1. How many residues are under 17 Å from the mean Cα position of the chain (by Cα) and at pLDDT 75 or above if we restrict to the range 2-28?
2. Restricting to the range 46-68, name every residue that is in contact with a helix residue (DSSP H, G or I) (Cβ under 8 Å, 6 or more places away or on another chain) and touching a residue at least 40 places away in the same chain (Cβ under 8 Å).
3. So residue 87 passes all but one of these: (1) touching a residue at least 12 places away in the same chain (Cβ under 8 Å); (2) in contact with a helix residue (DSSP H, G or I) (Cβ under 6 Å, 6 or more places away or on another chain). Which condition number does it fail?
4. Just one of the numbered conditions (1) surrounded by 11 or more Cβ atoms within 10 Å (Cβ to Cβ); (2) modelled with pLDDT under 90; (3) not in a strand (DSSP E or B) is not true of residue 56; which one?
5. Given (1) surrounded by fewer than 12 Cβ atoms within 10 Å (Cβ to Cβ); (2) at pLDDT 85 or above, identify the lone condition not met by residue 31.
């Protein structure tokens with residue numbers, strides 16, 4: 001929620017999940033959950049945009065064996081050459 005990026009800059013980050021009970025497992029055990037990408041464009045007026053990202057997490061959580069856990073580690077991995085991105089909040093909503 002509350003992803004803010006300059007409207008004229010490229011920005012990308014990948015989202016990974018990991019089991020909070022095994023933080024030492026590192027990136028080898030992390031499950032890829034998705035990506036955020038913003039392509040630059042010319043726009044008069046506001047210099048920044050504010051948006052959000054929704055990802056389906058059922059499959060990555062099942063792959064980790066963490067679907068019943070109370071917490072998971074979320075890693076945002078910025079990609080080289082991207083602009084500055086501000087993320088206000090990360091929220092996981094469990095659903096069926």
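The values are calculated or read from the model by the stated rules, or taken from the named source; none is laboratory data. Owing to the predicted nature of the structure, the values given are computational and were not obtained by experimental measurement. No Cβ is skipped: glycine too gets one built from the backbone with ideal geometry, and neighbour counts run over all protein chains shown.
1. Counting residues in the range 2-28 that are under 17 Å from the mean Cα position of the chain (by Cα) and at pLDDT 75 or above gives 15.
2. Result: 64, single match.
3. (2)
4. Of everything listed in (1) surrounded by 11 or more Cβ atoms within 10 Å (Cβ to Cβ); (2) modelled with pLDDT under 90; (3) not in a strand (DSSP E or B), residue 56 misses just condition (1).
5. For residue 31, the failing item is (1).
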